[in-house]
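Participant: Okay, handing you the structure first.
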Amino acid sequence: MKFRAQMKDPLYMREFQNIIATLSKLSKDCLMILGAQQMHLIVNEDQSSTSSPLVWVSIAATEYFPEYVMEAAHPDQDYIVLIMSSANLGRALSFLRGGGANSCKLKLQRIQFPCISVACSLLSTSSTEARDVLYDVPVTIIPASDWPTYVVPRVPPSQLALVLPSLRLLRSLIDKLKNMSPSLEFQANSDGELNVVATSEMSTVTSRFKRLLPRFLSADNDREASCLVDSRKASAFFTALQLANEELTIAIDREHSIHLQIDVRKDVMLHSILPAVCA
């Protein structure tokens, strides 16, 4: 079993650190599925959390890692599956936040315990020589017999999706509405309008976003779709986001779920699923 990867681009290193920082705010544990061409990072994969949603990130190895090597324990296996503390991984990568890193290496190894070793080469303001910082993140290696329990989530089918060019207003809005109502209804139509509705015993508040780009995701070209979701889970997702990307796609599977997607890069995507709740 072997895994190692290296990042050299400062922008990509900061993006990767921001992705891990986002996940660490949502769950104490992170599932890492390492394939030959892709890395998947998943939190709340069992969807048992009452306050945080399922979130996962799929990263094409060639996007961030000019060097990426993965060899499974046996030739007939396609993955390495690990569980680790998302907070520990976040702390190990925190050195990348300031942008003074030359490179960052990830390596699966066994010292006294299996771990992902994070080695960062950092520029020094007082010296021309770089200093190396090493952080070992303990991991649990999941045996192949348990892999069916740990799979990459699938994007759910949806009737209609809308693209928001900026998520700042929506983030601020949901943060306020969660204190008013335990649930939020997202209503979308093919005219590019998104309504976010919060209802309490005293009042109903509807916030409208207009002139959004619609995407039809069903063969029927549905004109409208809506779904009621937990306001705490919606707020947890938006509050946790540490990414600079503004564009957000909201896809609605009527009365089943809402799928949120942020395209960090062409082949780096962050997903979340908010399940429907009863009115």
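Participant: What figure in square angstrom, to the nearest 10, would you give for the accessible area of Ser207 with a 1.4 Å probe?
Facilitator: For Ser207, solvent-accessible area is about 20 Å².
Participant: Oh, and also: Explain nothing, just the number: relative contact order of region 160-275, from Cα pairs under 8 Å at least 6 residues apart, as a whole percent.
Facilitator: Reported as a whole number, the value is 30 percent.
Participant: While we're looking at this one, here's another question. Let me make sure I get this right: for the chain, a, b and c are the square roots of the gyration tensor eigenvalues over alpha carbons, sorted descending. Under 1.5 in a/c it's rounded, otherwise prolate if a/b > b/c, else oblate. Which is it?
Facilitator: prolate
Participant: Shape verdict for region 120-191, please, from the Cα gyration tensor: rounded (a/c under 1.5), prolate (a/b greater than b/c) or oblate.
Facilitator: Oblate shape, in that a/c is at least 1.5 and b/c is the bigger or equal ratio.
Participant: If one takes the longest principal axis of the Cα atoms in the chain, at what angle in degrees, from 0 to 90 and to the nearest 10, does the Cα axis of helix 168-177 lie?
Facilitator: With both axes taken from Cα atoms, the answer is about 70 degrees.
Participant: Hey, another quick one. Out of the total accessible area of region 160-275 (probe 1.4 Å, heavy atoms of protein only), what percent is carbon and sulfur?
Facilitator: Solvent-exposed carbon and sulfur of region 160-275 make up 47 percent of the total.
Participant: Shifting gears a bit: When the solvent-accessible surface of protein heavy atoms is calculated with a 1.4 angstrom probe, in what order do Asp132, Asp29 fall, highest first?
Facilitator: Asp132, Asp29
Participant: Give the accessible surface of region 2-149 per residue, rounded to a whole number of Å², with probe radius 1.4 Å and ligands, DNA and RNA excluded.
Facilitator: It amounts to 48 Å² per residue over region 2-149.
Participant: Over 27 Å between Cα atoms: which of Lys28/Lys178; Lys25/Lys176; Lys210/Lys233; Lys2/Lys28; Lys2/Lys233; Lys2/Lys25 fall into that group?
Facilitator: Over 27 Å apart, Cα to Cα: Lys2/Lys233; Lys2/Lys25.
Participant: Please calculate the 1.4 Å probe accessible area of Glu255, with all protein chains present, and give it to the nearest 10 Å².
Facilitator: The accessible area of Glu255 comes to roughly 150 Å².
Participant: In 5 Å bins starting at zero, report the fraction of Cα pairs in region 173-279 per bin as a rounded %.
Facilitator: Over region 173-279, the share of Cα pairs per 5 Å bin runs 2, 11, 22, 24, 22, 13, 4, 1, 0, 0 percent.
Participant: A follow-up question, please. As a test of the formula, what do you get for the chain when each DSSP H run with n ≥ 4 contributes -39,500 (n - 2.57) and the sum is divided by the residue count, at 222 nm and rounded to the nearest 500 deg cm²/dmol?
Facilitator: Computed ellipticity for the chain at 222 nm equals -5000 deg cm²/dmol.
Participant: Measuring from centroid to centroid over Cα atoms, what is the spacing of region 182-252 and region 52-79 in Å?
Facilitator: Centre-to-centre (Cα) distance: 31 Å.
The values are calculated or read from the model by the stated rules, or taken from the named source; none is laboratory data. Note that this is a predicted model, so its numbers are computed, not measured. We work out accessible area using only protein heavy atoms, side chains counted, and drop any ligands, DNA or RNA first. Shrake-Rupley method; radii C 1.70, N 1.55, O 1.52, S 1.80 Å.
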